[in-house]
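Asks: Have a look at this one.
The values are calculated or read from the model by the stated rules, or taken from the named source; none is laboratory data. It should be emphasised that the depicted structure is a prediction, and the values quoted were computed from it without experimental measurement. As a convention, Cβ positions derive from the backbone with ideal geometry for all residues, glycine included, and neighbour counts pool all protein chains shown. Each accessible area value is taken on the protein alone, full model and side chains, heavy atoms only, with ligands, DNA and RNA left out. Shrake-Rupley method; radii C 1.70, N 1.55, O 1.52, S 1.80 Å.
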Amino acid sequence: MSGAGRAVLAGLALTLPFWLPNPYFLHVAIMAGIFGVLALSLNLLLGYTGQLSLGHAAFFGIGAYASALLTLRLEWSFWLALPAAVALAALAGWLIGRLALKLRGAYFVLVTISFAGVVALVSVNWMELTNGPLGLPGVPAPTLGPWSLRGKPAYYYLVLAAVLLASLVCRRLVHSRIGRAFVALRENEPLAESVGVDVTHYLVLAAVVSAAMAGLAGSLYAHYTRFVSPEVFLFSYTVTMVIMVVAGGKGTLAGPLVGALIFTVLPEALRAVVSWQWQMLAYGVLLILLVVFLPRGIVPAIAAWRVRQAP
Amino acid sequence: MARAAGTLTLAVRDLAVRFGGVAALAGVSFDVHPGTITSVIGPNGAGKTTAFNAITGYLAPTRGRIEYDGSPLTGLRPSAIAARGIVRTFQRTSVFPALTVADNVMIGLHLRGVAGLVDVTLRRRRLAAEESRLAREADGILDFVGLGRRRGERASELPYGEQRLVELAVALGARPRLLLLDEPGAGMTTAEKTTVTDLIYRIRDQATTVLLVEHDMRMVMSISDAVIVLNHGRVIAAGTPAAIQAHPDVIRAYLGSAGDRA
Ligand SMILES: Nc1ncnc2c1ncn2[C@@H]1O[C@H](COP(=O)(O)OP(=O)(O)O)[C@@H](O)[C@H]1O
Ligand SMILES: [Mg+2]
């Protein structure tokens with residue numbers, strides 16, 4: 001994207017609560033941001049290392065529960081609970097990375113699904129800790145000094161900061177030997193090994209960073225909705241993330257954010273105009289059209305189009 | 001480069017590899033001396049690629065020892081062996097297909113960088129310095145193999161001969177002290193083979209030992225300091241090119257039957 005285009009986008013994002021003060025629209029923007037972090041996180045694994053994690057909601061849920069429990073039970077500040085939630089999710093990512101060390105493709109997918117299944121079961125059945133299916137109400141809103149970040153405009157800026165941070169980390173990674181090692185693992189593993197890329201090390205590293213980001217999104221979600229229940233582990237969250245990454249353009253920096261924006265705003269927009277059944281149908285048709293006409297995703301398609309336009 | 005005698009030698013001792021009932025290697029011993037171009041020849045199925053796979057950690061030998069610079073390589077992962085300075089290419093063309101030629105070489109330079117997660121996320125200057133240093137090294141390597149003008153093209157879109165050069169450039173990125181080339185000239189035109197032969201000389205002159213598997217006898221006999229002949233998983237002869245060409249077993253087992261495919 002050109003420098004001017006980027007400046008306009010940044011300006012729009014920074015001033016959004018002023019020109020879009022409607023709380024419902026701000027809510028959609030906040031959810032788009034939280035899903036943006038999730039999509040960036042999944043993209044590190046799916047887009048760069050080429051490994052599909054279908055248990056990604058587990059890291060999101062672990063972040064959400066960790067942050068909720070630390071603030072509710074131990075009365076930690078949000079600003080301590082957030083990094084702790086990130087660290088705990090990262091630890092879970094490390095575990096999965098170690099477990100899946102030698103597994104690729106379908107087997108990797110199975111391990112991640114099973115892991116998410118186990119964590120969800122724990123959240124339902126460990127009543128003393130998680131309150132089971134009833135969930136944890138009353139998760140406190142973050143405060144910053146004397147100010148509460150309970151209002152939607154303030155929370156929007158918090159989420160925006162998280163999106164920027166996650167994007168920055170992804171950008172730096174991708175333009176370094178670490179990101180190249182991820183891609184090498186996706187493109188040709190034996191060749192990567194032959195020039196000294198310790199592929200298992202980098203698979204674990206990708207899982208850790210990815211899980212940490214998902215944990216960040218989970219914490220932000222918990223303190224935004226102020227309620228956490230086993231619903232955070234729903235498979236449909238993972239499916240939504242996968243759709244966002246694939247539709248936006250996996251293995252690109254902007255793709256997951258574009259996908260997150262479209263697939264958060266679109267269902268909301270559809271809900272406003274048509275009934276539930278038609279929503280699902282429209283959603284399905286759009287997905288099929290995207291897969292058929294833009295198989296590599298929206299962002300790569302735009303990039304290819306711009307290359308053709310330039311003489 | 002002056003090196004003490006006996007160091008940086010690859011020593012293969014009694015190496016055996018079985019695939020089910022097939023003995024791909026049945027107790028092979030040889031040395032590769034530093035600073036040489038050493039070739040391994042033998043008919044198809046003789047066990048040449050299997051030997052490369054065992055030396056570089058891609059498969060675990062059934063029996064035997066492999067030592068480099070006096071310490072064992074057996075049991076190490078391929079990436080750890082690469083870190084010891086031993087890098088191989090593959091018989092079937094192997095590149096990072098979706099990436100540009102320059103990015104292929106940048107991956108090859110993995111061991112030339114040090115940036116870890118902390119540098120990448122928190123030390124912007126250090127990362128930028130490393131990236132520009134690596135990009136310069138990549139340019140140097142691309143010029144060396146003659147792919148400077150191809151740097152921005154996708155590896156998969158290059159013609160076959162140039163893809164093999166990309167592969168070589170990727171391997172050189174790791175700055176090997178010992179480079180194992182598995183049929184680098186296979187399927188190439190005579191002109192391309194001349195280019196590769198010339199490159200192998202220049203690689204050797206940069207203090208890299210070369211272990212070469214090649215079917216083109218003209219190429220092997222002209223550039224090798226030493227030749228090892230494998231047949232049915234055994235070494236049937238080893239020596240200078242002249243000695244090998246005159247060896248009756250070699251003529252019978254290899255040159256006589258399989259013939260010179262050049
Ligand atoms: N992965 C494998 N599984 C089973 N047999 C193999 C495998 N790799 C090689 N072989 C067998 O081992 C023998 C040696 O093969 P190879 O080392 O590729 O020979 P060369 O490179 O000299 O042509 C052949 O008989 C081949 O069929
Ligand atoms: Mg072979």
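Asks: Counting only helical runs of four or more DSSP H residues, what would the 222 nm mean residue ellipticity of chain A come to if each run contributes -39,500 (n - 2.57) and the total is spread over all its residues?
Replies: -25000 deg cm²/dmol
Asks: Counting partner chain Cβ atoms within 10 Å of every residue's Cβ in A:167-179, what's the average?
Replies: 5
Asks: A:F227 accessible area, nearest 10 Å², 1.4 Å probe?
Replies: 80
Asks: Bins of 10 Å, beginning at zero and ending with the bin holding the largest distance: percent of Cα pairs per bin for the protein assembly as shown, please.
Replies: Over the protein assembly as shown, the share of Cα pairs per 10 Å bin runs 3, 15, 23, 21, 15, 12, 7, 3, 1, 0 percent.
Asks: Next up: For B:K193, give me every one of the aspartates and glutamates with a C-alpha distance below 13 angstrom, ignoring sequence neighbours fewer than eight places off in its own chain.
Replies: Qualifying aspartates and glutamates at Cα under 13 Å: B:E162, B:E183, B:E214, B:D216.
Asks: Could you give the C-alpha radius of gyration of segment B:1-130 expressed as a fraction of 2.2 N^0.38 Å, taking N as the number of residues it contains?
Replies: 1.30
Asks: With both partners inside segment B:119-262, how many of the DSSP beta bridges are antiparallel, as a percent to the nearest 5?
Replies: Of those bridges, close to 50 percent are antiparallel.
Asks: Residues of B:104-114, mean number of Cβ from any other protein chain within 10 Å of their own Cβ, rounded to a whole number?
Replies: Other-chain Cβ atoms within 10 Å of each residue's Cβ, averaged: 5.
Asks: Give me, ordered by chain and number, the residues 5 or more places off B:V235 or on other chains with an amide H under 5 Å from its own placed amide H.
Replies: Residues meeting the criterion, in which the H sits 1.01 Å from N, are B:S29.
Asks: Calculate the translational D of segment A:21-234 in whole µm² s⁻¹ from Stokes-Einstein, where the hydrodynamic radius comes from the Kirkwood formula applied to all Cα pairs, the temperature is 10 °C and the viscosity 1.306 mPa s.
Replies: D, rounded to a whole number, is 91 µm²/s.
Asks: How would you classify chain B from its alpha-carbon gyration tensor, with a ≥ b ≥ c the square roots of the eigenvalues: rounded for a/c under 1.5, else prolate if a/b is greater than b/c, otherwise oblate?
Replies: prolate
Asks: Take the Cα gyration tensor of segment B:95-175, multiply each eigenvalue by 5, square-root it, and list the three semi-axes largest first, rounded to whole angstrom.
Replies: The three semi-axes for segment B:95-175 are 25, 12, 10 Å.
Asks: Here's another thing I want to ask about it. Could you give me the ³J(HN,Hα) list for segment A:209-219, computed from phi with Karplus coefficients 6.51, -1.76, 1.60 and θ = phi - 60°, whole Hz, x at Gly and Pro?
Replies: Working through the residues one at a time gives 5, 4, 5, 4, 5, 5, x, 4, 4, x, 4 Hz.
Asks: Nearest 0.05, what FRET efficiency do B:L117 and B:E153 give at R0 = 35 Å with Cβ-Cβ as r?
Replies: According to the calculation, E is roughly 0.65.
Asks: Which lysines, on any chain, are close to A:K102 with Cα under 30 Å apart, when same-chain ones fewer than 8 places away are left out?
Replies: Of all the lysines, those that pass the test against A:K102 - Cα under 30 Å, at least 8 places apart if same chain - are A:K250, B:K48.
Asks: Rounding to the nearest 10 and keeping the result within 0 to 90°, find how far the Cα-based axis of helix B:124-145 lies from the longest principal axis of chain B.
Replies: Roughly 40 degrees between the two axes.
Asks: Name the residue, out of B:T240, B:T50, B:T121, whose mean-square fluctuation peaks in a Gaussian network model built on chain B with Cα pairs under 10 Å.
Replies: In this elastic network of chain B, the residue with the biggest mean-square fluctuation among B:T240, B:T50, B:T121 is B:T121.
Asks: May I ask for the Rg/Rh ratio of segment A:232-296, computed from Cα atoms with Rh as the Kirkwood radius, given to two decimals?
Replies: 0.98
Asks: Using a basic spin-label model with each label point 7 Å from the Cα along Cα→Cβ, how many nm lie between B:H232 and B:S71?
Replies: Each label point is offset 7 Å from its Cα along the Cβ direction, giving 3.9 nm.
Asks: Percent relative contact order of chain B, based on C-alpha pairs within less than 8 angstrom and at least six residues apart?
Replies: For chain B, the relative contact order is 26 percent.
Asks: Compare A:R172, A:R296, A:R226 in a GNM of chain A, Cα atoms joined below 10 Å, and give the one with the largest fluctuation.
Replies: In this elastic network of chain A, the residue with the biggest mean-square fluctuation among A:R172, A:R296, A:R226 is A:R172.
Asks: Please compute the contact order of segment B:95-175 in relative form: average sequence separation of alpha-carbon pairs under 8 Å and at least six residues apart, divided by the residue count, as a percent.
Replies: With pairs under 8 Å counted, the relative contact order is 54 percent.
Asks: Semi-axes of the equivalent ellipsoid for segment B:136-262, please: Cα gyration tensor eigenvalues, times 5, square-rooted, ordered largest first, whole Å.
Replies: Values for segment B:136-262, descending: 30, 16, 11 Å.
Asks: If you average the sequence gap of Cα pairs under 8 Å that are 6 or more apart and divide by the length of chain A, what percent do you get for the contact order?
Replies: 32 percent.
Asks: Cα-Cα pairs above 19 Å in segment A:12-72: how many percent?
Replies: I get 51 percent for the Cα pairs in segment A:12-72 exceeding 19 Å.
Asks: Please report, in debye to the nearest 20, how large the charge dipole of the protein assembly as shown is about its Cα centre when each Lys and Arg carries +1 at its beta carbon and each Asp and Glu carries -1 there.
Replies: That gives a dipole near 620 debye.
Asks: Quickly work out the B:A191-to-A:N22 label distance, labels modelled 7 Å from Cα along the C-beta direction, and quote it in nm with one decimal.
Replies: Going from the A:N22 label point to the B:A191 one covers 6.6 nm.
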